Amino acid sequence: MEKKHQKEKNNIVSFIPDGEYYFNKAIKALEKDQMDRAYKYMKRAAELSPDDAHVLMHYGLLEMNLQNFEKAYELIHTAYCMEPDEPEHVYYLAEVSGFLGLMNDAKKYAEKYLELDPDGYYAWEAREIIDYVHFEQNTIDDFDDDDDSYEQFIMQEKARRLMEDKQFDEAIEVLEYLIDQYPELWPAYNNLSLAYFYVGDLEQSKAILHHVLRENVGNLHALCNLTIIAYYEKDESTLAYLVDLLKKIHPFDFDNRYKLGATLALIGEYDLAYKWLHSMTKRMSPADSGFYFWLSQAAYFSNHRKEADKAWKMLVQLDPSKEGMEPWKHIKRKESNELPTLDQNRDYIIQKISSNYSAHRMFGFFLLSKSAFKQEIIAHPKLIDLSKYNGLEKLCLAYALNHQFDLNNKVEKNFIHLIAVAEELFNSIEALTLERQHLFQMWFVLSERAFLNGYEFKNVKALTAAMEYMYYSTVSSKRVTKKQFAEKHGISVSTLTKYVEQLLDFLPFGEE
């Protein structure tokens, strides 16, 4: 028997999907016109086979099909560098260069393709590219007139991609190479300062920006980046000085308008932010979702509600995952002379998520899920530190970030029920003010202990009623009864009593 078992064991073939496996699945998906699936498989193939030129070239073609021409160029150019005499790589490099407006390159690579394969499959298309460039040569102001501008473009796109993927150390390496080669390439300095900002080196980030302003006086991107740093650091005097300066600037260039508008929106100067961002929609429609995010936020908080809804609809068209995630969705109406609710109090949320107590951080992440400051807070390099959180806190943060939970997973199912009670409590009050904070704080203290003891939170309405009864019977000067809370939540008094008794087991007293 032992020999038979050993023989069967030796016959087992270990199967670990590799790049070729996913590449073949991508090709099959393409044959069935399943573009989304093909893209997913090809991306995975490229991740597993980053040195396979054939895979990179096909991944580039899919990106080109999605009109992500910069990413497509990077992939196809990498494939070309690996196999510079492969005609197919050369032709597609000519094509994507044309889409990017790099006309000299488009012509150069089309000519090279014809040298390599004069009667090849793409020979007619290559000649069309050459003829088109000749026809347009007198009217096109091609920025790719020299090798320097070409290298700058490629390297900056690579750095931008790395930063989007949160590979900041790698982006820093690319950008430092760029500024070493081109000491007056100010966009590279500004991006380098942002990269240092995101890795938490604020002093180096500021030093780079001050260098830019010394050498390139009035550089708007540098001023905006310094403003953002001052805002995050709560350097009120510097912030006031910089904001006053930004208010006096009237940029004509759309790129500068975008930067200025987004910066003003982030720091809460919504009226002026809306002015600059809205001015761009009259003559152009940026294709990136970030523009519509900041435009919608600036519009909403400067009382242009229809424009906010319109901009958010445009954002959802570009990024369907943003459906239902409007920054103002959970804001509850209050009188203008009242203080902002806790879910819209930036400093209070930061105080909670920076607390030394786990239940406080859980409450902070719950508030973050409803806050218009969510994007700003999660983008800060130091406010969110996953290494400091336990498993339950990470679930709360994931909830704030709209993570989709698996209800077939018992732990995640219990958590969803836990957070559903907090949502019921939130919906039961007019506004989450300082006076109401203790109700929620009490729930997160109890629920944390219950969760860690494997409690399943099965009856959300009963738990909400029990929580309200326990809290108000303690703090209210008026007599409260179980009946009023049972009727409010549509349960029986006996059910409420049952869940009160269960929650009492998790009160944090009687311990050393």
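Brief remarks follow.
- Among the listed pairs K166/K374; K28/K166; K248/K310; K413/K458; K322/K374; K374/K394, those beyond 21 Å (Cα-Cα): K28/K166; K248/K310
- For E47 and K329, the difference between the fully extended length at 0.36 nm per residue and the C-alpha to C-alpha distance is 97.8 nm.
- Measuring against 24 Å, Cα to Cα, the residue pairs K461/K498; K40/K388; K158/K388; K158/K329; K40/K71 contain K40/K388; K158/K388; K158/K329 as the ones spanning a longer distance.
- For I249, no residue has an amide H sitting under 5 Å from its own, ignoring neighbours fewer than 5 places away on the same chain, with H placed 1.01 Å from N.
- Rounded to 10°, Cα long-axis angle of helix 19-31 versus longest principal axis of the chain: 80
- Structure-derived P(r) over Cα pairs in 20 Å bins from 0, in percent: which label, when the choices are (1) 17, 42, 31, 9, 1; (2) 23, 56, 19, 2, 0; (3) 25, 59, 16, 0: (1)
- Sum of -39500 (n - 2.57) over DSSP H runs of 4+, divided by residues of the chain (222 nm, nearest 500): -21500 deg cm²/dmol
- Placing R0 at 60 angstrom, the Cβ-Cβ distance between W124 and D18 gives a FRET efficiency of 0.95 after rounding to 0.05.
- Sulfur and carbon atoms: percent of accessible area, the chain [1.4 Å]: 49
- Between the Cα long axis of helix 460-475 and the first principal axis of the chain there is an angle of about 60°, rounded to the nearest 10.
- Residue-normalised accessible area of the chain, given per residue in Å² at a 1.4 Å probe: 55
The values are calculated or read from the model by the stated rules, or taken from the named source; none is laboratory data. Since the model is a prediction, treat every value here as computed from it, not as a measurement. Positions of Cβ are backbone-derived with ideal geometry, glycine not excepted, and every protein chain shown enters the neighbour counts. Accessible surface is based on the protein model in full, side chains and every heavy atom, while ligands, DNA and RNA are left aside. Shrake-Rupley method; radii C 1.70, N 1.55, O 1.52, S 1.80 Å.
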